[in-house]
1. Give me the strands (runs of 3 or more DSSP E) completely within the range 14-117, filtered to those with at least 2 residues that are open to solvent by 70 Å² or more (accessible area, probe 1.4 Å) and of a type outside the set (Lys, Arg), ordered by residue number.
2. Does THR57 qualify as being more than 20 Å from GLY15 (Cβ to Cβ) and among the hydroxyl-bearing types (Ser, Thr, Tyr)?
3. Could you please find all residues in the range 1-13 being in a loop (DSSP other than H, G, I, E, B) and either hydroxyl-bearing (Ser, Thr, Tyr) or open to solvent by 60 Å² or more (accessible area, probe 1.4 Å) (or both)?
4. Within the range 1-24, track down each residue that is under 16 Å from the mean Cα position of the chain (by Cα) and farther than 15 Å from ARG67 by Cα.
Amino acid sequence: QVQLVESGGGLVQAGGSLRLSCAASGSIVSSNYMGWYRQAPGKQRELVALIVTDGVTTRYADSVKGRFTISRDNAKNTVYLQMNSLKPEDTAVYYCQLVVSSLQRYWGQGTQVTVSS
């Protein structure tokens, strides 16, 4: 019913930048928030950033504050993650999430971000 398609991942050197996009399609009425998670090998999936429907209220993991910026375009049901000053520890599979309610949570397929040292 709902599909999230991520793009923008890839290989980048430390200090470089990437911009991830996540476009939601399907039977979407609204979303309480959209966010980005990441999962590195051998580690739990962790929240990177989220943004609520108002488009201004955001939350970031301490490890990415000041380097990553999340934004959204409600009209396009799209969320972005601008990643600057990338570090090798940012290497992970990044997943987009859309939350409508506690029973309506959707995930993207994930996109690989690899940061070389």
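1. Because the criterion is at least 2 residues that are open to solvent by 70 Å² or more (accessible area, probe 1.4 Å) and of a type outside the set (Lys, Arg), the strands (runs of 3 or more DSSP E) in the range 14-117 that meet it are 104-107.
2. Answer is yes for this residue.
3. GLN1
4. Hits for the range 1-24 are GLN3, LEU4, VAL5, GLU6, SER7, GLY8, GLY9, GLY10, SER21, CYS22, ALA23, ALA24.
The values are calculated or read from the model by the stated rules, or taken from the named source; none is laboratory data. Because the structure is predicted, anything quoted here is derived from the model rather than measured. Every residue, glycine among them, receives a Cβ derived from its backbone with ideal geometry; neighbour counts consider all protein chains shown. The protein model used for the area step is the full one, side chains on, heavy atoms only, and it has no ligands, DNA or RNA in it. Shrake-Rupley method; radii C 1.70, N 1.55, O 1.52, S 1.80 Å.
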